[in-house]
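Novice: Pasting a structure below so you can have a look.
The values are calculated or read from the model by the stated rules, or taken from the named source; none is laboratory data. None of these values were measured; they are calculated from a predicted model. All Cβ positions, even for glycine, are placed from backbone atoms using ideal geometry, and neighbour counts span all protein chains on display. Protein only, heavy atoms only, side chains kept; ligands, DNA and RNA dropped before computing areas. Shrake-Rupley method; radii C 1.70, N 1.55, O 1.52, S 1.80 Å.
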Amino acid sequence: FGAKENMGTDYNEVRDSALEAFISYTRAFQTLDPHAVVPHFHEPVFQITPDGARLLPDAGAVEQAYQHVMADLKAQGYVRTDLSELEARYLSNDLVQINGAGEWKTASNETLTRFGMTYTLRRNNSVWRIIVGIIHDPAPA
């Protein structure tokens, strides 16, 4: 499969840089502008959500998928996503898995939805992008 030599790898730097890219994605999501999230995704990207599994082959498909989600959130009064329990797991120099939980919140701090999440980010040409996104039940308290 072409595994690369990991000599000299700073695992913390790899995890931290992927986590920083993921946080940047969440900031873009909070704008509720579907176009803003597109650069954060690999082409293609695979998503698994409670609604099903789907392959989004390109930027247009990503934008279209997020239009629906963001329109629904806007109608519900969404203003931010609170993240917790974030953990970045090193898989290789160009692959990191991020796990955690999120809550979509309104301006009055009401929770719209609580969810678990598992994202795999791939680094290509020094840029981290989401290649697999899974939204699932949050871990039991």
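Novice: With axes computed from alpha carbons, what is the tilt in degrees of helix 59-76 against the longest principal axis of the chain, rounded to the nearest 10 within 0 to 90?
Specialist: Here the helix axis deviates by roughly 40 degrees.
Novice: Something else now. With the crude spin-label approximation of a point 7 Å out along Cα→Cβ, what separation in nm comes out for T9 versus L112?
Specialist: Reported label-point gap for T9 and L112 is 3.7 nm.
Novice: Per residue, what volume in Å³ does the Cα convex hull of the range 24-66 take up?
Specialist: Working: hull volume 3.0 nm³, N = 43.
Enclosed volume per residue, from the Cα hull, is 70 Å³.
Novice: Calculate what fraction, in whole %, of the accessible area of the chain sits on carbon and sulfur atoms when a 1.4 Å probe is rolled over the protein chains. Mind dumping the intermediate values first?
Specialist: Numbers: 4180 of 8200 Å².
Summing carbon and sulfur atoms, their accessible area is 51 percent of the total for the chain.
Novice: Accessible area per residue for the range 61-141 in Å², computed with a 1.4 Å probe and the full protein assembly in place, what is it?
Specialist: On the way: 4360 Å² over 81 residues.
Each residue of the range 61-141 exposes 54 Å² on average to a 1.4 Å probe.
Novice: Give the calculated FRET efficiency between D94 and H68 to the nearest 0.05, with a Förster radius of 35 Å applied to their Cβ-Cβ distance. Intermediate values should be presented prior to the final figure.
Specialist: Working: r = 31 Å, r/R0 = 0.88.
After rounding, the FRET efficiency stands at 0.70.
Novice: Could you compute the longest span of the chain free of GluC sites (Glu not before Pro) located in DSSP loops and having at most 14 other Cβ atoms within 10 Å, not counting the site residues? Working shown, then result.
Specialist: Details: sites that count: E5, E110.
After excluding every exposed loop site, the longest remaining stretch is 6-109.
Novice: If contacts are Cα pairs under 8 angstrom and at least 6 residues apart, what is the relative contact order of the chain in percent?
Specialist: Numbers: 249 pairs, mean separation 33.5, N = 141.
Answer for the chain is 24 percent.
Novice: Using Cα-only point scatterers and the Debye equation, what is log10 of I(q)/I(0) for the range 31-141 at each q in 0.17 Å⁻¹, rounded to two decimals?
Specialist: Treating every Cα as an identical point scatterer, log10 I(q)/I(0) equals -0.90.
Novice: Another one. Suppose each label sits 7 Å from its Cα in the direction of the beta carbon; what would the R54-T31 distance come out to in nanometres?
Specialist: My value for the distance between the label points is 2.2 nm.
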